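Engineer: Pasting a structure below so you can have a look.
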Amino acid sequence: MNNLTLVIANKNYSSWSLRAWLLMTQFKVNFQEVRIPLDTPETPALMDQHSPNRRVPVLKIGKLSVWDSLAICETVNERFLQGAGWPSNPDLRAFGRSACAEMHSSFAALRHAMPMNCRRVVKGFSPDAATRADIDRMHTLLSDCLMQSDGPFLLGRFSIADAFFAPVAIRLRGYGIESPEAVTAWVDRMLELPSLQAWLDAARDETETIDAEEVPDQG
């Protein structure tokens, strides 16, 4: 596994990078890390060097490049986790895949209004109607996962689903969103993971700031 390299962006802002990084770190997959800061003069050239689609994350397995966080997670699960990234129960596995696919393709209002920012706790955040609808759907989706699996993680034990929704845990806490009790317990459990704490600590140590990702306090 020494020929594995994961190319990521700023840990403070890059929710897509977090997903692949957290899965590999939590399952103790050995990899090298390359970080490309976003929104700098050097970013385009570095993306050309490392990424087929000029986006991150990218997993390099020898000469093979795998891009897109969901594709990376599935590849890691298949090649290095012996399938442990998903639950063994086929119905729960299918449910989890559906949840991750919805996370991957939906929640545009939430992403826009509540960008992931590991360093910030936004005061007085008040979501607009579209963002509130996304939050409500997110609460339903997370609650359904926990109900289907009986916890403590979304699909029972830690899985690709938890890696995929980890940025949501950071957002719910960082924007002061009141959540159902079961969802709040899951958020607490995620934020207590040593692997996620390591990411958050590194994010706080970063010095880059992307103005478009900084939501001002609202009260």
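The values are calculated or read from the model by the stated rules, or taken from the named source; none is laboratory data. Computed from a prediction, not measured in an experiment: that's the story for all the values here. Methodologically, a virtual Cβ is constructed for each residue, glycine included, from the backbone with ideal geometry; neighbour enumeration extends over all protein chains shown. We work out accessible area using only protein heavy atoms, side chains counted, and drop any ligands, DNA or RNA first. Shrake-Rupley method; radii C 1.70, N 1.55, O 1.52, S 1.80 Å.
Engineer: Pop out the ³J(HN,Hα) list for segment 142-156 in order, Karplus 6.51 cos²θ - 1.76 cosθ + 1.60 with θ = phi - 60°, rounded to Hz; leave Gly and Pro as x.
Structural biologist: So the J values, rounded to whole Hz, are 5, 4, 5, 4, 5, 6, 4, 9, 6, x, x, 8, 4, 10, x.
Engineer: What is segment 92-202's relative contact order, in percent, from Cα pairs under 8 angstrom and six or more apart in sequence? Before the final figure, lay out each step's value.
Structural biologist: Values: 97 pairs, mean separation 35.5, N = 111.
Relative contact order, segment 92-202: 32 percent.
Engineer: Relative contact order of segment 3-100, please, whole-number percent, based on alpha carbon pairs below 8 angstrom and at least 6 residues apart.
Structural biologist: Details: 120 pairs, mean separation 28.5, N = 98.
Worked out over segment 3-100, it gives 29 percent.
Engineer: Based on the Kirkwood radius over alpha-carbon pairs, what value in µm²/s does the Stokes-Einstein equation return for the translational diffusion coefficient of segment 103-219 at 25 °C and 0.890 mPa s? Intermediate values should be presented prior to the final figure.
Structural biologist: On the way: Rh = 14.8 Å.
Diffusion coefficient, whole number: 166 µm²/s.
Engineer: To the nearest 20 Debye, how big is the dipole of the chain about its Cα centre, given +1 on the beta carbon of each Lys and Arg and -1 on that of each Asp and Glu? The partial results should precede the final answer.
Structural biologist: Working: 22 positive and 27 negative charges, 107 e Å.
Charge dipole, the chain, about its Cα centre: 520 debye, nearest 20.
Engineer: Determine, at each q value in 0.07, 0.10, 0.11 (inverse angstroms), the log₁₀ of I(q)/I(0) that the Debye formula gives when each Cα of the chain is one equal point scatterer.
Structural biologist: -0.21, -0.43, -0.52
Engineer: For segment 1-73 and segment 168-219, what is the separation of their Cα centres, given in Å?
Structural biologist: After rounding, the separation between the Cα centres reads 20 Å.
Engineer: Something else: Which ³J(HN,Hα) values in Hz, rounded to whole numbers, follow from the phi angles of segment 30-36 under the Karplus curve 6.51 cos²θ - 1.76 cosθ + 1.60, where θ = phi - 60° and Gly and Pro get x?
Structural biologist: Taking θ as phi minus 60°, the curve returns 7, 8, 8, 10, 10, 10, 10 Hz for segment 30-36.
Engineer: Here is a follow-up. Going by amide H atoms built from the backbone, whose H comes under 5 Å of the H on Val34, apart from near neighbours?
Structural biologist: Correct list: Leu6, Val7, Ile8.
Engineer: If you plug each phi of segment 88-94 into the Karplus form 6.51 cos²θ - 1.76 cosθ + 1.60 with θ = phi - 60°, what whole-Hz ³J(HN,Hα) values come out, in order, with x for Gly and Pro?
Structural biologist: 6, 5, x, 5, 5, 4, 5
Engineer: Counting only protein chains, not ligands or nucleic acids, how are Ser159, Ser106 ordered by accessible area (probe 1.4 Å), most first?
Structural biologist: Order by accessible area, largest first: Ser106, Ser159.
Engineer: What is the Cα radius of gyration of segment 14-90 over 2.2 N^0.38 Å, N being its residue count? Display every interim value, and only then the final one.
Structural biologist: Values: Rg = 13.4 Å, N = 77, 2.2 N^0.38 = 11.5 Å.
Expressed relative to 2.2 N^0.38 Å, the Cα Rg reads 1.17.
Engineer: Please report the net charge: other residues with Cβ closer than 12 Å to the Cβ of Phe95, K and R +1, D and E -1.
Structural biologist: Values: positive: Arg93, Arg97; negative: Asp91, Glu102, Asp144.
Cβ neighbours under 12 Å give a net charge of -1.
Engineer: Placing unit charges on C-beta atoms (Lys and Arg positive, Asp and Glu negative, everything else neutral), compute the dipole magnitude of segment 123-219 about its Cα centre in debye, rounded to 20.
Structural biologist: On the way: 8 positive and 18 negative charges, 66 e Å.
That gives segment 123-219 a dipole magnitude of about 320 debye.
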